[in-house]
Amino acid sequence: MSLSEMKYGVRNSRLVLNEVYFWTDTIKHWNKLLEDDSFKNIVIDCWRNLINRNKIRIYGFVIMPNHLHLVWEMLEKNGKEMPYASFNKFTSHQFLETLRTESNSTLSVYKENNRERRHRFWQRDPLAIEMDSKGKWSKKLEYIHLNPLQEQWNLANRPEVYKWSSAKFYESGIDEFAILTDYRERF
């Protein structure tokens, strides 16, 4: 993987199983689809399913209104596809079904005009940075946990207060969603 691929995103077929990545996935056009908790729950449910099937391990996360950050390890392919592809496919399908029943006007924002698909919810080529040092782990988890406190978001006044993050787990040991593995277990 070249430096530019690590910095600006990778062609996802180059991702390697059993390596840990800092991952950023963004909603198309930075729309705030994930502002609604029902869409955040779709993300969590998908992660939980992949964890229960031993496809992924999650060490840290934050779900923001229009993107998410994740420190995760893809353990095993889900059939023929990498776990990130299963995640994007499943969540996109659930987003589509939810919007079809709740808000047809919002659905047009995600419309695609190509043979591959009719709607796109996630931007192409998520950012994936290999976590190859303990220092990088600490920095990325701190970044993830402080993200909701940034002035542009102002979603919480302390990291552990923001529900849609692993900060509470690392502060108190409480994993409200039952999806986390403590990163220190890898060292």
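Does GLU102 count as at pLDDT 95 or above and under 23 Å from ILE44 (Cβ atoms)? It would help to see each step written out before you state the result.
On the way: at pLDDT 95 or above: no; under 23 Å from ILE44 (Cβ atoms): yes.
Judged against the criteria, GLU102 is not a match.
Say we look at segment 139-165 and pick out the residues that are farther than 14 Å from GLU35 by Cβ and among the charged types (D, E, K, R); which of these is surrounded by the most Cβ atoms within 10 Å (Cβ to Cβ)? Break it down stepwise before answering.
Initial filter on segment 139-165 (farther than 14 Å from GLU35 by Cβ): 139-147, 149-151, 156-161, 165.
If we keep only those that are among the charged types (D, E, K, R) too, we end up with 139-140, 142, 151, 158, 160.
Values: LYS139: 13, LYS140: 22, GLU142: 14, GLU151: 5, ARG158: 12, GLU160: 16.
Per the stated criteria, the residue is LYS140.
Taking LEU70, is it crowded, with 20+ Cβ neighbours inside 10 Å, more than 20 Å from ARG120 (Cβ to Cβ) and aliphatic (A, V, I, L, M)? Show your work before the answer.
Details: crowded, with 20+ Cβ neighbours inside 10 Å: yes; more than 20 Å from ARG120 (Cβ to Cβ): no; aliphatic (A, V, I, L, M): yes.
Spelling it out, it is not the case that LEU70 is crowded, with 20+ Cβ neighbours inside 10 Å, more than 20 Å from ARG120 (Cβ to Cβ) and aliphatic (A, V, I, L, M).
Do the conditions hold for GLU130, that is, is it among the acidic types (Asp, Glu), modelled with pLDDT of 95 or more and surrounded by fewer than 20 Cβ atoms within 10 Å (Cβ to Cβ)?
Working: among the acidic types (Asp, Glu): yes; modelled with pLDDT of 95 or more: no; surrounded by fewer than 20 Cβ atoms within 10 Å (Cβ to Cβ): yes.
No: the conditions fail for GLU130.
Can you tell me how many residues in segment 68-121 are of a type in the set (D, E, K, R) and within 26 Å of ARG57 (Cα to Cα)?
Number of matching residues: 7.
Tell me which of these GLU112 doesn't satisfy, since it passes every other one: (1) touching a strand residue (DSSP E or B) at 6+ places or on another chain (Cβ under 8 Å); (2) under 19 Å from PHE22 (Cα atoms); (3) of a type outside the set (A, V, I, L, M, F, W, C).
All conditions pass for GLU112, except number (2).
Pick out the one residue from PHE169, PHE90 that is touching a helix residue (DSSP H, G or I) at 6+ places or on another chain (Cβ under 8 Å), surrounded by 14 or more Cβ atoms within 10 Å (Cβ to Cβ) and within 26 Å of LEU17 (Cβ to Cβ). Show your work before the answer.
On the way: PHE169 fails: touching a helix residue (DSSP H, G or I) at 6+ places or on another chain (Cβ under 8 Å).
Of PHE169, PHE90, the one residue that is touching a helix residue (DSSP H, G or I) at 6+ places or on another chain (Cβ under 8 Å), surrounded by 14 or more Cβ atoms within 10 Å (Cβ to Cβ) and within 26 Å of LEU17 (Cβ to Cβ) is PHE90.
Residue under question is TRP122, and the condition is that it be out of contact with any Asp or Glu (no Cβ under 9 Å at 6 or more places or on another chain) and either among the small types (Gly, Ala, Ser) or in contact (Cβ under 8 Å) with a residue 12 or more places away in the chain (or both); does it hold?
Spelling it out, it is not the case that TRP122 is out of contact with any Asp or Glu (no Cβ under 9 Å at 6 or more places or on another chain) and either among the small types (Gly, Ala, Ser) or in contact (Cβ under 8 Å) with a residue 12 or more places away in the chain (or both).
The values are calculated or read from the model by the stated rules, or taken from the named source; none is laboratory data. For clarity, every value in this text was computed on a predicted model and none was experimentally measured. Glycine also receives a Cβ, built like all others from the backbone with ideal geometry; neighbour counts cover every protein chain displayed.
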